[in-house]
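The next block holds one structure in the form of structure tokens; read it before the comments.
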Amino acid sequence: MGNTNKKISGLGFHHIALKVKDFAKSRDFYVNGLGMTPIVGWGEGDGEVIMLDLGDGGIFELFAGGGDHLSNNGKWLHFAMKTDDVEKAYETALAAGAEPKMPPTVVDLDSRPYKMTLKIAFVKGFDGEELEFFSVLKKGE
């Protein structure tokens, strides 16, 4: 499917970034625990950054030097990743040290302009970030 944005040519998702307090622990969780692939990184200490490929070309960027305070940009609500197997993604995240928030659940949405049935699950990462595993089971009418 080509780009459908008629105002900004080539606009699309590139990455989402998270500032973490324990860079090594978070890197290990996302790379070894969830299977993301390192693409490129730079800096060191509290200035270290790494870009990770989710598996479909979407990018997740980790920044060192975080803490429990909110940045001027606030805090995201959650980071959703599409998957063919929500249960496996959820169990994989838990096995890698994530905290459970909501187990895999089927949700029938009374959405517009069409109805959707989703399967979703939520976990929390090491900095309290919420991760959602998301799959569209049914879309229509």
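Computed values, structure above
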quantity	calculated
In sequence order, calculated HN-Hα J values of the stretch 42-50 (Karplus, 6.51, -1.76, 1.60; Hz; x Gly/Pro)	7, x, 8, x, 6, x, 6, 9, 9
Answer label for Rg/Rh (Cα atoms, Kirkwood Rh) (calculated), chosen among [x] 1.00; [y] 0.97; [z] 1.05	[x]
Extension gain from residue 112 to residue 59, taking 0.36 nm per residue of separation minus the Cα-Cα distance	16.2 nm
Chain lengthening between residue 22 and residue 139 when straightened (0.36 nm per residue, less Cα-Cα)	38.2 nm
Length-normalised contact order of the stretch 19-141 in % [C-alpha pairs under 8 Å, at least 6 apart]	23
Spatially close lysines, pair count over the chain: Cα under 17 Å, gap of eight or more or interchain	19
Carbon/sulfur fraction of accessible area - the stretch 37-141, other protein chains in place, 1.4 Å, %	51
Whether the stretch 82-123 is rounded, prolate or oblate, judged on the alpha carbon gyration tensor where a/c under 1.5 counts as rounded	prolate
Accessible area per residue, Å², the stretch 2-141 with all protein chains present, probe 1.4 Å	63
For the chain, built as a Gaussian network whose Cα springs stay under 10 Å, the top-fluctuating residue of 69, 15, 78	69
Degrees separating the helix 86-95 axis from the principal Cα axis of the chain, which is the longest one	20
The stretch 1-64: chymotrypsin sites (Phe, Trp or Tyr not before Pro) in DSSP loop, at most 11 other beta carbons within 10 Å	13
Residues whose placed amide H lies under 5 Å from that of residue 79, excluding near-sequence neighbours	130, 131, 132
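The values are calculated or read from the model by the stated rules, or taken from the named source; none is laboratory data. Note that this is a predicted model, so its numbers are computed, not measured. Using ideal geometry, Cβ is built from the backbone for each residue, glycine included, and neighbour counts are taken over all protein chains shown. Remember, those area values only see protein heavy atoms, side chains included, never the ligands or the DNA or RNA. Shrake-Rupley method; radii C 1.70, N 1.55, O 1.52, S 1.80 Å.
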